[in-house]
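Below is one structure, written out as C-alpha cells; comments come after it.
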Amino acid sequence: MFLIFADVERLRAIARARPLQLVFAGKAHPRDEGGKEIIRRVVAAARSLGDALPVVYLEEHGVTLAKLLCSGVDVWLNTPRKPLEASGTSGMKAALNGVPSLSVLDGWWAEGHIEGVTGWSIGDASAASDDAAEATDLYAKLERFVAPLYYDRPFAFAEVMRSAVALNGSFFNAQRMLEQYVQNAYRPTGRTR
Ligand SMILES: *Cc1c(COP(=O)(O)O)cnc(C)c1O
C-alpha cells in the first residue's frame with residue numbers, strides 16, 4: 001500500500017492545516033491482480049478521505065499524461081521500499097521541469113537529494129526499509145517543511161524549484177548517462193575514440 005495512506009487520520013489533520021491534493025497515475029496489466037488491487041486501494045482511500053483531501057487517479061498513463069504530470073505538479077512523491085527502486089526516472093523528469101522530490105532515499109534520489117535544497121528525503125539514508133518510521137517522517141516533512149514552504153514562503157519554494165533544475169536536472173539526464181556508458185563501459189580500453 002502507498003506510504004502516504006499509512007495513517008489516514010494523520011493525513012487528514014495535515015490537510016486541515018494547509019490544503020493538499022494527491023494525484024496518482026499508473027496502469028496495471030489486465031492479468032496483474034496485485035497491481036489492480038493497489039489501484040482499488042487508492043480509490044478506497046480517496047473515498048474515505050472525501051472532501052478533506054482530494055485524491056484523483058488518472059487513467060491511461062502514457063507519455064502524454066506523464067509529460068503533463070512531471071511538469072505540472074508541485075512536488076513529486078515517490079515512496080519505494082528500499083532497495084527495490086531500480087532508478088526512479090520520473091523524479092528526474094520532474095526535476096528537469098523544476099519539480100522537487102519528496103522521496104524515500106532509494107534509486108537516483110539517494111545520490112541526487114540535498115535536503116531542503118533540491119527537495120526532501122523520507123526516512124534515514126543508512127537504515128533498512130521501515131514503513132512505520134518512513135510514514136512518520138513523511139507526515140512530519142509534509143507538515144513542517146513542504147506545506148509551510150509552499151504556502152507561507154513561495155519565493156523560498158521557487159528557490160527549491162530552481163535548485164532542482166540546476167543541481168539535479170543538469171546531472172541526472174540522458175546526455176551524462178550516455179557519456180558515462182561510452183567512457184566507462186563501451187569504449188575499448190586504451191583507445192580514446
Ligand atoms: C518516466 C515514465 C515511466 C517510468 O517512471 P519511473 O519513475 O522510472 O517508474 C513510466 N511510464 C511513463 C509513461 C513515463 O513517462
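Mind listing whichever residues of the range 117-138 are closer than 15 Å to Gly107 by Cβ and surrounded by 14 or more Cβ atoms within 10 Å (Cβ to Cβ)? Step through it out loud before you land on a result.
Residues of the range 117-138 closer than 15 Å to Gly107 by Cβ: 118-119, 121-123, 125, 129, 134.
Within the range 117-138, Thr118, Gly119, Ser121, Ile122, Gly123, Ser129, Glu134 qualify.
Of all residues in the range 144-174, count the ones that are in contact with a Lys or Arg (Cβ under 8 Å, 6 or more places away or on another chain) and surrounded by 14 or more Cβ atoms within 10 Å (Cβ to Cβ). Lay out the reasoning, then the answer.
So in the range 144-174, the residues in contact with a Lys or Arg (Cβ under 8 Å, 6 or more places away or on another chain) come out as 147-148, 150-151.
After this cut, where a residue has to be surrounded by 14 or more Cβ atoms within 10 Å (Cβ to Cβ) as well, the list is 147-148, 150.
Number satisfying all stated conditions: 3.
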Can you name the number of the only condition in (1) in a helix (DSSP H, G or I); (2) touching a residue at least 60 places away in the same chain (Cβ under 8 Å) that Phe172 fails? (1)
Please enumerate the residues belonging to the range 48-64 that are surrounded by 14 or more Cβ atoms within 10 Å (Cβ to Cβ) and within 17 Å of the chain's Cα centre (by Cα). Val55, Tyr57, His61
Filtering the range 18-35 down to residues that are assigned to a loop (DSSP other than H, G, I, E, B) and either exposed (fewer than 14 other Cβ atoms within 10 Å of the Cβ) or touching a strand residue (DSSP E or B) at 6+ places or on another chain (Cβ under 9 Å) (or both) yields Pro19, Gln21, Gly26, Lys27, His29, Pro30, Arg31, Asp32
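Would you pick out the residues in the range 95-123 that are among the β-branched types (Val, Ile, Thr) and farther than 20 Å from Ala135 by Cβ? Reasoning before the result, please.
From the range 95-123, those among the β-branched types (Val, Ile, Thr) are 99, 104, 114, 117-118, 122; that's our starting set.
The answer is Val99, Ile114, Val117, Thr118.
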Of the conditions (1) away from the ligand (no atom under 16 Å from the Cβ); (2) crowded, with 18+ Cβ neighbours inside 10 Å, Ala95 clears all except one; give me its number. (1)
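Every number in this text was worked out from the coordinates using simple rules, so none of it is lab data. Being a predicted model, the structure only gives us computed values, none of them experimental. Because the Cβ atoms are built from the backbone with ideal geometry, glycine has one as well, and the counts that use them run over all protein chains shown.
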